[in-house]
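**Student:** I'd like to ask you about the structure that follows.
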Amino acid sequence: MKLSDIDFSAISRMMNGLSDDERAQLDSMANDMIASMQPKPEEEEPSVDYSEGLGLSDIYQELDGRTLDFLEQAWDLESFYEDTEADFSASVLFLQKALLNELRHHTLEARMMSLPQIMQLEQWQDLQSALLPVQTALYRAEYDVVSREELQAVKAQVLPLLLEVAGLQEEMPEEQG
């Protein structure tokens, strides 16, 4: 149907034959139809900063910039999935990248080494037992599905290690007496 096929004089005669109540009802219906066709603005969820989302204190801001970028990417991926059954492997991989970057940042000869190779360096021997579960989580993230609970466990391992590798101490809250 084309615009030229519409008989506007017939429509005008129909409208003139309607009572004021019928016209108001027709206008209301037309307005409702137009309103329903308009796209509804999507409600934007409040965004949470990665340092707040990961529960990082201010001391973490002293880490290497790339490490912080990896932490932010890990948080972005974690917060993207609302489904608790989702696979959080990508978040684990970015947490591992953050740790690996920090290890490489503080060890000149480790620039091109993998995590198992870095674990063999004398400088990091005292952290070897702490790094072993992290390495296991890395393999799981590569070849298996990682649940939200497992991701939380990896974060609990990796985040304190980042500070230890960087030689930073997290401030303990003062006891109230």
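**Student:** When you count, for each residue, the other Cβ atoms within 10 Å and take the mean per peptide, how do 25-33, 146-154 rank with the highest first? Walk me through the numbers before you get to the answer.
**Tutor:** Working: 25-33: 10.4, 146-154: 17.0.
Descending mean neighbour count gives 146-154, 25-33.
**Student:** With 19 Å as the cut-off, how large is the P(r) tail for segment 77-177, expressed as percent of Cα-Cα pairs?
**Tutor:** For segment 77-177, the fraction of Cα-Cα distances above 19 Å is 46 percent.
**Student:** Could you sort 90-100, 131-141, 7-17, 57-67 so that the peptide with the highest average Cβ count within 10 Å comes first and the rest follow in order?
**Tutor:** 90-100, 131-141, 57-67, 7-17
**Student:** Based on the Cα atoms of segment 1-159, what semi-axes does the equivalent ellipsoid have, where each is the square root of 5 times one gyration tensor eigenvalue, given in whole Å with the largest first?
**Tutor:** 63, 15, 15
**Student:** According to a simple spin-label model (label point 7 Å from Cα along Cα-to-Cβ), what is the distance in nm between Gln123 and Met14?
**Tutor:** Here the modelled spin labels are 8.3 nm apart.
**Student:** Nearest 500 deg cm²/dmol is fine: what mean residue ellipticity at 222 nm does the chain get from its DSSP H runs of n ≥ 4 alone, each adding -39,500 (n - 2.57), divided by its residue count?
**Tutor:** It lands at -18500 deg cm²/dmol.
**Student:** May I pose another question? Once the dipole of the chain is set up with Lys and Arg at +1 and Asp and Glu at -1 on Cβ about the Cα centre, which of Gln61, Ala137, Leu151 lies farthest towards its positive end?
**Tutor:** Checked the options; the winner is Ala137.
**Student:** If each residue of separation counts as 0.36 nm, what is the full-extension length gain between Asp58 and Arg140 once their alpha-carbon separation is subtracted?
**Tutor:** Roughly 26.5 nm would be gained on extension.
**Student:** Under a point-charge model restricted to the Cβ atoms of Lys and Arg (+1) and Asp and Glu (-1), what is the dipole moment magnitude of segment 67-166 relative to its Cα centre, in debye to the nearest 20?
**Tutor:** Details: 6 positive and 17 negative charges, 77 e Å.
Rounded to the nearest 20 debye, it is 360 debye.
**Student:** Tell me the angle of helix 20-37 to the major Cα principal axis of the chain, expressed in degrees between 0 and 90 and rounded to the nearest ten.
**Tutor:** Roughly 30 degrees, rounded to the nearest 10.
**Student:** Let me ask another. Once the piece of chain linking Ser79 and Asp32 is laid out straight, how much longer is it, given 0.36 nm per residue of separation minus the C-alpha distance between them?
**Tutor:** Contour length minus the Cα-Cα distance gives 13.2 nm.
**Student:** Roughly how tilted is helix 128-143, in degrees to the nearest 10 and between 0 and 90, from the longest Cα axis of the chain?
**Tutor:** Taking Cα atoms only, the helix is inclined about 40 degrees.
**Student:** Additional query: Counting Lys and Arg as +1 and Asp and Glu as -1, each charge on the Cβ, what is the dipole of the chain about the Cα centre in debye, to the nearest 20? Can you show the working numbers first?
**Tutor:** Values: 11 positive and 37 negative charges, 159 e Å.
For the chain, the charge dipole is close to 760 debye.
Just so you know, all these numbers are worked out from the coordinates, no wet-lab data involved. Every value quoted in this text rests on a predicted model; they were computed, and no experiment measured them. Virtual Cβ from ideal backbone geometry, glycine too; neighbours counted across all protein chains shown.
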